Amino acid sequence: MSRPSWLISRRAALRGLGVALALPFLDAMVPRPLYGADPKVIVRKGPPVRFGVLFFPNGVNPHKWTPAEVGPFTTGLPEQLLPMDKVKADVLVLSQLWNSKCNSGDGHYFKDASFLTSMTINKTVGADINAGGTSIDQLLAAHLGSSTKLPSIELGIESPAKGVDNNVAITRLYSNHIAWSSATTPLACEIDPRQAFDRLFREGKADDKDKTKGLAPTALTPFDDKSVLDAVMADSQALKFRLGVADQRKLDEYLTSVRDVEKRMALELKRSKEPRRVDPLAMKALPVLDEQIRTTGRGQRGENHTPQVRLMLDIMLLAFWTDTTRIGTFMFGNSVSGRNFSFIDGVKGGHHDHSHHENNAEKLAGYAKITAWHVEQYAYLVERMSQIKEGSGTLLDNSMLLFGSALRDGNAHSPRDLPLLLAGKGGGTIKPGRHIKCKDGTPLANLYGEIAIRMGLQLDSFADSNGQIKELAG
Amino acid sequence: MQPRLLSIIALMGFWLPASTAEDPARLTFDSDIKPLMTALCYDCHGEKKAKGGIDLQKFADKRAIQRGALQWQEVQRAVSEREMPPDSAKRQPTEAERERLSSWIAHALDTLDPADFPKDPGHVVLHRLTRVEYNNTIRDLLGVDNKPADTFPEDAGGGGGFDNNADTLFVPPVMVEKMLTSLGDVLGLAKPETLFTHKPVDDKPKSQRAAAKAILSDFTQKAFRRPVKDPEVERFAKVYDAAVKKTINHEDAVKLSLKTVLVSPSFLYRIEGQRPDAKPYEISQHEMAVRLSYFLWATMPDAELFKLADEGKLHEPAVIEAQVTRMLKDPKAKSLGSIFVPQWLKTEELRRGRKAPDSGKYPAYNDRMRDAMCDEPEVFFNELVAKNRSILDLIDSDYLYVNEDLAKIYDISGVRGNEFREVKRPDDKRGGVLTMAGVLTVTSHPHRTSPVLRGVWVLEQIFNSHPPPPPPNVPALDDKKEGDKKDLTLRQRLEKHREDPTCATCHARIDPLGFALQHYDLMGGWRARDEFGSPIDANGALINGEKFSGVGELRKVLMTRKAEFARGVTSRLLSFALGRGLEFYDRPTVNELMKGLDQNGYKIQPLIVGIAKSFPFRYKRNQPVSSPQEVSQ
């Protein structure tokens, strides 16, 4: 997508004015140039803060989501929030936030792919994939991720949807990703709990020992793999001369990833010499989860997939607990997911089908139940994290767990008044247990700015952000 | 940018028989289109004002529009998808006007003269091996079949219809990690004689180095699927040197250098060298071998293809034909069925569990049943290829491939065991892909069948034509007064739905196709009553009034439109072969392939040969080359 040509660069504006004084704030200067601008890493004291995102597709039943009262939860929660009743003291309900830049295009892909970027995707059937910008989790990972083994993890539960959605002429690629390490590089979700677990927690090679005959991968020290990557970089540079520019861009994608892994290997090598302090209770929990993964089926026939979801949430929890990473996303499903939820009493059929409730009472009721199931899974993770002691508080106190969908009502597909929950105290800077009603039309990106600063990254602005959400602190 | 033209055309042909709906071929620009554009478009996109720099008024006739195809396919899309005119426009078109405009532009573009445009083999970037291709290539290169790529993140989902679309294949950091780990495994599992093709004559470092270099020279040629010159081999030999210096023994040092070869982009990507020609150029011999083998086998070329490429024979049409025929006989050609078919027919959604019948209500749908349902179309297609049958068998065949589980659903007796076998069909309830259990299941909701989903499937998968999205704020199917709908059958409710002219534009075309399949339940079994207890009424009529009842007659109707079906299949297969979506400049290629199909009795092997010999398959678009300075930055 070509950039609008009327955007004035700061330099051009300066030249035009012929002065070097502070610039007046020109509207035309606001958009892309300031995307995630001027990040400054702020060193924090105390335990690290974690940021987890639990994304679910297809929105919510709009009538049974928002608490009627603002402030502390004194009366009962709306139906879809009931499953978080016992952890509500740890959760904020945020209303009236919206994601303005995805308020065009189709009902799902534009919304979901920009949930964490707050930008506009390029509509395409395959060529010129572009999400408009880096997602907030990846911006944080890029600046803060070097303190842990992995800068971030991307988890999911549903295999990626394929091909083009011809109804709207958009590649389904957009439906499978909320994490974007650059505007043009989506990060795939790990949907196999075994793979996710081993990558995070296992040194060397996974389960069966037979494979380690001959040259075992453990025999290759990080030095060896580093020499492999060094050589590959040299080879790639030579290869570039043989390629046209479009191919070079594709090769750059590869080189960026190789460099990333190389850098991380060097860091790991350095870190491995320092003693690593991990909560002994977390070390005990690892083999338990390992065993659970071994004994839980894959759940690929539309049956109740709660156990598979719980495994992924447990993996995220342990990743945070052991400080293996501080940033994680989890997708309950791809955009337009039609996953069958008939395992819930009173639900007949698929998620997307229910979300198009057409104000039919039966469908609305089923829709609410499906959302409530998602909230229940979220509440499970919130509760477990609140039970883990860390420093003078809990793991949850040192976290921010965002739960949300990129559209409100699946029948209307609007990215206004998004259904959002935020759990945890962000290291003691957030006062949960309330409903915060933001000013109508507050950008979702304002929340991302607030999350970023609590993680230790100060952003002048992010996407369409235009201010703070001071109410978070209480 | 929008590879939808071909399909839109297929749609027009199928959707708009001239008798009742408007035939765009009979409309003229001056009397039918220009007045519409004047009322709807020119105010903002005309001589006086050209919003976004777009002036449509300067295109004074059909020919001008055809020559501006690149811009007008965007116009067509914006109109068809209701992006234009915007909500703020003074006047909105009626549904009929919108369709007249959109179908006329589509028709104009479809009938453009390819001679007006330079021949273009299309946009294809470096093609990362898909997970399946990676596994197969490792298998054929090293004899290790442990599927290392299964640990990689899933391929992103593709575009242009298939997951081998080069633009949508990425290499995230996690994939680099997993490659490093899994290649350690692979090299550990490979037989020593596969790896150490040259033995040092003695234990002296110099001899060992020479052997390592010889091994690398052999190995890089195979792994990179092209000739490799000495300086390149030497770069990998340096890894060996560094390892030996670190006191790693000879064999492990060789393995480390081989691992480097496998991590290198020349292995991971299908790389086609750029030439600074101004025009599209024919790809090299080895690049042709690679395109052929990944199209038909989803793996690297074998010794014979390598040899022919070395000898410079792979540009000869007769050689290409002989090679395709040979390759289709190889068991590796089964990848066509297992990769192309599930994505085309959408059974992949069942296989991967994104769709499934409700497990409580349909306990018969277990893992084995799911696999049988997904296997059937793949087996059918592979046999079609192996036996060089007509692609029209996909619409209607008097034979089926079943195993015991499927035979039960199809009411066929005497079939035991899991193996698939060919059987004669007992009656016309079965035959072709329309009535396959997997297809009928994937086009159902988890708890009920859906004539709409099935109708859309027929249009999209069989005719490669795509109904436009529904207009916003449609009065919903269920959103009528409670009293109305209680006593109505699903058919009656859908008929009511079609009384609304906004809905009728599409649903009059979608629903009847689906109703012809109403006799099949959610898992593809035959039924006399639907899930609401209503007796099945499988009557339908095309928009031109052509009537049919049940699947047998529907097939006959479809057969009278076999050319449209053939165009759909051809377009899909070509898109799969090229690893990209089709564009308007591919039309001459598709036309030529269609001509071939007609001459060869619709047999599939000549079609595949035709694709392999086609212009976009053998040529590459020239890309701008940047200067070395730019590259090194």
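For the reader, a short list of remarks on this structure follows.
- Gyration tensor (alpha-carbon) shape descriptor, the protein assembly as shown, a/c threshold 1.5: rounded
- Dipole size of segment B:165-292 about its Cα centre, with +1 on Lys/Arg Cβ and -1 on Asp/Glu Cβ: approximately 200 debye, rounded to the nearest 20.
- Over chain A, the ratio between the Cα radius of gyration and 2.2 N^0.38 Å evaluates to 1.00.
- Rounded to 10°, Cα long-axis angle of helix B:230-245 versus longest principal axis of chain B: 60
- Couplings 3J(HN,Hα) of segment A:47-60, computed from phi: x, x, 9, 10, 10, x, 10, 10, 9, 10, x, 6, x, 9 Hz, in residue order, whole Hz [Karplus 6.51 cos²θ - 1.76 cosθ + 1.60, θ = phi - 60°; x for Gly and Pro].
- As a proxy for reagent exposure, B:Y399, B:Y585, A:Y174 were ordered by neighbouring Cβ count within 10 angstrom, fewest first; the result is B:Y399, B:Y585, A:Y174.
- Restriction of the trypsin sites (Lys or Arg not before Pro) in segment B:66-105 to DSSP coil positions whose beta-carbon has at most 12 other beta-carbons within 10 angstrom yields B:K90, B:R91.
- Helix B:317-329 vs. chain B, principal-axis angle (Cα, 0 to 90°, nearest 10): 90
- Counting neighbouring Cβ atoms within 10 Å and putting the fewest first, the residues A:D38, B:D110, B:D411, A:D90 line up as A:D38, B:D411, B:D110, A:D90.
- Within segment A:64-109, the percentage of alpha carbon pairs spaced more than 13 angstrom apart rounds to 64%.
- Under 5 Å, built H, 5+ apart or other chain: amide partners of A:I153: A:I327, A:G328, A:T329
- Per-residue Karplus couplings for segment A:131-141, computed as 6.51 cos²θ - 1.76 cosθ + 1.60 with θ equal to phi - 60°, are listed in order as 8, x, x, 6, 6, 4, 4, 6, 5, 5, 4 Hz, Gly and Pro entered as x.
- Mean separation of Cα contacts under 8 Å, 6 or more apart, over the residue count of segment B:128-270: relative contact order %: 22
- Rounded if a/c under 1.5, otherwise prolate or oblate - segment A:340-467, Cα gyration tensor axes: oblate
- A:T442 long-range amide H proximity, modeled H, under 5 Å: A:W98
- Farthest positive-ward along segment B:128-270 dipole, Cα basis, beta-carbon charges - from B:T260, B:A237, B:M175: B:A237
- ³J(HN,Hα), Karplus 6.51/-1.76/1.60, whole Hz, each residue of segment A:268-273, x for Gly, Pro: 4, 4, 5, 5, 5, 7
- Taking the convex hull of the alpha carbon positions in segment A:254-314 and averaging its projected area over all directions gives 6.9 nm².
- Comparing Cα centroids, segment B:200-269 and segment B:353-393 end up 45 angstrom apart.
- Normalised contact order of segment B:205-286, rounded percent, pairs of Cα under 8 Å and 6 or more residues apart: 29
- Per residue of B:362-374, other chain Cβ atoms within 10 Å of the residue Cβ number 1 on average.
- Short-range pairs are left out: with C-alpha atoms under 8 Å and at least six residues apart, the relative contact order of chain B is 18 percent.
- Using alpha-carbon coordinates, inclination of helix B:501-515 to the longest axis of chain B, degrees: 70
- A simple charge model with +1 on the Cβ of Lys and Arg, -1 on the Cβ of Asp and Glu and nothing else charged puts the dipole of the protein assembly as shown at about 1840 debye relative to its Cα centre.
- Counting Cβ atoms of other protein chains within 10 Å of each Cβ in B:135-142 and taking the mean gives 0.
- Secondary structure note: in chain A, about 50% of the DSSP beta bridges are antiparallel.
- Along the axis of the charge dipole computed for chain A (Cβ charges of +1 for Lys and Arg, -1 for Asp and Glu, origin at the Cα centre), the listed residues A:G145, A:L311, A:A463 are led at the positive end by A:G145.
- Averaging the Cα positions of each part gives two centres, and for segment B:116-143 and segment A:168-205 these lie 22 Å apart.
- Radius ratio Rg over Rh of segment A:87-175, counting only Cα atoms, Kirkwood formula for Rh: 1.03
- Amide H contacts of B:W526: B:D521, each under 5 Å away and 5 or more positions distant or on a separate chain (H built 1.01 Å from N in the peptide plane; Pro and chain starts excluded).
- Share antiparallel - DSSP beta bridges, the protein assembly as shown, percent rounded to 5: 65
- Inter-centroid distance (Cα atoms) of segment A:399-440 relative to segment B:156-172, Å: 33
- Fewest-first sequence of A:H63, B:H466 by Cβ atoms within 10 Å of each Cβ: A:H63, B:H466
- Solution diffusion estimate, µm²/s, Stokes-Einstein, segment B:128-270, Kirkwood Rh from C-alpha pairs, 25 °C, viscosity 0.890 mPa s: 154
The numbers here are math on the coordinates, done by the rules we state, and not lab data. All of these numbers come straight from a predicted model, not from anything done at the bench. FYI the Cβ positions are ideal-geometry reconstructions off the backbone, even for glycines, and counts take in every protein chain you see.
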